[in-house]
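A.B. asks: Following this message is one structure expressed as structure tokens.
The values are calculated or read from the model by the stated rules, or taken from the named source; none is laboratory data. Quick caveat: nothing in here was measured; it's all calculated off a predicted structure. Counting neighbours? That spans all protein chains shown, and the Cβs are built from the backbone with ideal geometry, glycine included.
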Amino acid sequence: MHIKTTTKAIEVTRQHGRDDLAEKHKRNLERYQGILNNISQGNIIFGRQDRIKKRLGVRND
């Protein structure tokens, strides 16, 4: 859903001459596509548990 809405946002902002916003949307689109690729390949998207472990100094070996 994020990919579709971001793609549409890029089109609309370019139509209105807001290339600066279109670039921001493009970076977000690339980020979303990267996340989708990771999930599609079966990789895990790291979340809260890993951030907590980093704060506590637990190593991921």
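A.B. asks: When the residues of the stretch 8-56 are filtered to those that are over 13 Å from the mean Cα position of the chain (by Cα), of a type in the set (V, I, T) and modelled with pLDDT under 95, which remaining residue is surrounded by the most Cβ atoms within 10 Å (Cβ to Cβ)?
C.D. replies: Top of the filtered list is I52.
A.B. asks: Starting from the stretch 8-24, take each residue that is at positive phi and in a helix (DSSP H, G or I) and list its partners that are exposed (fewer than 13 other Cβ atoms within 10 Å of the Cβ) and of a type outside the set (A, V, I, L, M, F, W, C), counting only C-beta distances under 9 angstrom and pairs at least six apart or across chains.
C.D. replies: none
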